[in-house]
Amino acid sequence: MTQALLPLVGLILIIWISTRYITRRRERLADEAFGRHHGCLPAPRLQNQRPFGVDRLEQIFRADAESRLMELFLFHFRQTGSTLEQKFLGTKAYGTIEPANMEAILSTSFKDFGMGPRRDITYPMFGDGIFTQEGAAWKQSRDMLRPQLQHKQYENLELFRPAVDDLIQIIQESKGTVDLQPLFFRLTLDTTTAFLFGESVRSLITPEAVGERTFATSFNTAQQWVTKRFRLLDLYWFINPPEFRQACQDVHKFADQIIDRNLSSNRTESSDSGRYVFLDTVAKRTKDRTALRGQIINLLTAGRDTTACLLSWTFFLLVRHPKVLEKLRAEIASTCVPGSSLSRDVLRNMRYLQNVLRETLRLYPSVPVNTRTTVRTTMLPTGGGPDRKSPVLIPKGSAVAFSVYSMHRRPDLYGMDAELFRPERWDEDMPLQHNPTNAKWGYLPFHGGPRICLGMDFALTEAAYTVVRLLQRFQTIKLPEGEVVELVGVEKQTATLVISITEGCKVDIE
Ligand code: HEM
């Protein structure tokens, strides 16, 4: 019987392989015609030393283990130019740090670039939510969230005050050297939960009571595995160890706690009367617990880690650049005279403070690298051919990575001192501003186009407020004795979906 079936199975296999071959060939010919029509030429190729581009993966995992992944990407772009082609596990993939190409990916050709395997890669942790959705579901999530993030919701800064008060109290009690980074992660968790869910988990002052330590650890562990899965792209399913599954379970448990506490009848409606609370709106539209949980985890990631990293890098840089710190203190002293109160407008008008944050996000954009996958054959406007100015053909299904971290360090955009922390550059004439495309698409900490960060203003307001309050309260914030001062970008960095400081942000503070 089995023997009788063998020829049939063989025949089916031959038909399947031939059909695939013919379809692929047809697609390739159509792609080539598209490329010829648009004058596309190949981008420079990042050379592989080993078959199938296995060495690329090895380099990435090694650099990651050594906490210097961004340095590796920078090196690749310096080797080839701002747009490159590479072989990655047998498939062609592309990379770019060219503003004109960023405009195409994020805006003008937005419909050609999808999220690729992002949903499947992150699903065990994130579930479905604004980061992973596309099409109508994504639009619906964005519409639900937009009213929440209007600045009238936090204009008077009251939303941020309790968490910063808690932070100050903890620092006062700590005495001596303090690592600010874990505290900033708790601060932003508290603000984000207060803002989005109507009630803060107050992880700063009661970390154990709300299970924050378990949550923070699990959240980081889960994210680290998600990042590893990202590195394998289509082969992400190879990575699914028990540690990852357990961490995801813990994160889900924490999100469930938030849902239960905030949607229980005990919650005082009066505490958020008049305020738009995202969780309430999602809960009305989403009866399914898994869907609700997905939205929450997506937003916790968006609101917590990104702003915590911005704050950590800001202080990391300030204590290593005492003159900048001094100048910032002077601005705060002259703007916030006794009796005057802080508001979003006051913070926005503090030019040097804004420049400090802008410069920090230039050197350490919280989302340093990202990818999109083409849903149809398309092109990048520039980077191909001997002069690297011709369009580059990108066949359907290709991954295109872009590194804002590397783009923000280009000397031809930011000047020869691009790798220095110098907030003053934002008041000077930079090469970036000499070309309208570069000016608009050469600085992208929040990305751009239809999927631009919805929390940009919120994050900048929260960060500015926290910096001002800490500098007002503590007259001494300095680098502890023995702490290493290295060139910017040489320090160890931990790259998950965001980029944090491997050794933390230790400061002497009184
Ligand atoms: C310094 C802080 C922040 C930075 C640098 C940042 C950066 C980004 C970036 C680069 C993206 C695009 C991701 C992608 O398309 O793949 C993004 C998306 C998003 N961000 Fe932020 N973010 C920050 C803070 C926040 C905060 C505080 C919130 C909300 C409370 C927030 C909400 C969102 C949302 C909802 C999206 C998804 C938008 C969409 O896909 O339509 N972000 N953010």
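Taking 0.36 nm per residue of sequence separation and removing the Cα-Cα distance, the VAL484/GLU326 pair yields an extension gain of 54.8 nm.
All other residues whose Cβ lies under 13 angstrom from that of PHE316 are scored, Lys and Arg at +1 and Asp and Glu at -1, for a net of -2. Taking the number of Cβ atoms within 10 Å of each Cβ as an exposure proxy, the fewest-first ranking of LEU11, LEU235, LEU300 is LEU11, LEU235, LEU300. The fewest-to-most ranking of GLU103, GLU481 by surrounding Cβ atoms within 10 Å reads GLU481, GLU103. Other residues within the sphere of radius under 15 Å centred on the Cβ of ILE509, judged by their own Cβ, net out at +1 (K and R +1, D and E -1). Farthest towards the positive end of the charge dipole of the chain, among the residues ILE60, GLN140, PHE160, is the Cα of GLN140, using unit charges on the Cβ of Lys, Arg, Asp and Glu. Its Cα centre serving as origin, the chain has a Cβ charge dipole (Lys and Arg +1, Asp and Glu -1) of approximately 1720 debye. Working from label points 7 Å from Cα in the Cα-to-Cβ sense, the GLN150 to THR217 distance is 4.3 nm. Taking Cα atoms only, the orientation of helix 456-473 departs from the longest principal axis of the chain by about 30 degrees. Of the residues GLY294, TYR405, PHE315, the one whose Cα sits farthest toward the positive end of the charge dipole of the chain, with +1 on the Cβ of Lys and Arg and -1 on the Cβ of Asp and Glu, is GLY294.
Per-residue Karplus couplings for region 306-311, computed as 6.51 cos²θ - 1.76 cosθ + 1.60 with θ equal to phi - 60°, are listed in order as 4, 6, 4, 5, 4, 5 Hz, Gly and Pro entered as x. For GLU173 and ILE452, the FRET efficiency from 1/(1 + (r/R0)^6), where r spans their Cβ atoms and R0 equals 41 Å, is about 0.55.
In the chain, a dipole from Cβ-located charges (positive for Lys and Arg, negative for Asp and Glu) runs towards its positive end, and of GLY116, MET102, GLY81 it is GLY116 whose Cα lies farthest in that direction.
Note on ASP55 and LYS139: with the Förster distance fixed at 35 Å, the Cβ-Cβ geometry gives a FRET efficiency of about 0.30.
Extension gain, MET416 to GLU32: 0.36 nm times the residue separation minus the Cα-Cα distance gives 134.3 nm. For region 292-431, the square roots a ≥ b ≥ c of the C-alpha gyration tensor eigenvalues yield an a/c of 1.5 or more together with a/b not exceeding b/c, which makes the shape oblate.
When a/c is below 1.5 the answer is rounded, else prolate if a/b is larger than b/c, else oblate, so apply that to region 28-186 with a ≥ b ≥ c taken from the square roots of the Cα gyration tensor eigenvalues. It is oblate, given that a/c is not under 1.5 and a/b is not larger than b/c.
Seen from every direction in turn and averaged, the convex hull around the alpha carbons of the chain projects onto 28.4 nm². Arranged from fewest to most other beta-carbon atoms within 10 Å of their beta carbon, SER107, SER203, SER406 become SER107, SER406, SER203. Taking all Cα pairs closer than 8 Å and separated by 6 or more residues, the relative contact order of the chain comes to 25 percent. Rounded if a/c is under 1.5, else prolate if a/b beats b/c, else oblate: with a ≥ b ≥ c from the C-alpha gyration tensor eigenvalues square-rooted, which is region 2-89? Oblate, since a/c reaches 1.5 and b/c is not below a/b.
Every number in this text was worked out from the coordinates using simple rules, so none of it is lab data. Being a predicted model, the structure only gives us computed values, none of them experimental. For neighbour counting, all protein chains shown are included, and Cβ atoms are generated from backbone atoms with ideal geometry for every residue, glycine included.
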